1. Relative to the longest principal axis of the chain, what angle (0 to 90°, nearest 10) does the C-alpha long axis of helix 4-48 take?
2. If Rh is defined by the Kirkwood formula over all Cα pairs and Rg also comes from Cα, what ratio Rg/Rh do you get for the chain?
3. Length gain on complete extension for the stretch Tyr8 to Ser26, per 0.36 nm per residue less the alpha carbon to alpha carbon distance?
4. Estimate the FRET efficiency between Lys16 and Glu39 by the formula 1/(1 + (r/R0)^6), using the beta-carbon distance for r and 35 Å for R0, to the nearest 0.05.
5. Can you tell me which lysines have their Cα less than 17 Å from the Cα of Lys46? Leave out same-chain residues fewer than eight positions away.
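Every number here is computed from the coordinates shown, using simple stated rules; none is lab data. Note that the structure is a prediction, hence the values are computed from the model and not measured. Note that each Cβ is placed from the backbone with ideal geometry, even for glycine, and that neighbours are counted across all protein chains shown.
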Amino acid sequence: MLSYKQQYSIESGKRKAVSGKRKAVSGKRKAVSGKRKAESGKRKIKIFF
């Protein structure tokens, strides 16, 4: 049997992994929207010059 501390560390590790996945997904979304904004910005610059 696992001790209480071992069980607790495993549970907190799982939670950290889940929150890390969520952060990674939101980070990917932000990166994609950032790329889109950058591309639209480039287009605007091309129109101006």
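1. 0 degrees
2. Working: Rg = 21.0 Å, Rh = 14.0 Å.
A ratio of 1.51.
3. On the way: separation 18, 0.36 × 18 = 6.48 nm, distance 2.71 nm.
Full extension from Tyr8 to Ser26 adds 3.8 nm.
4. Details: r = 34 Å, r/R0 = 0.98.
The pair Lys16/Glu39 has a calculated efficiency of 0.55.
5. Filter leaves Lys35, Lys37.
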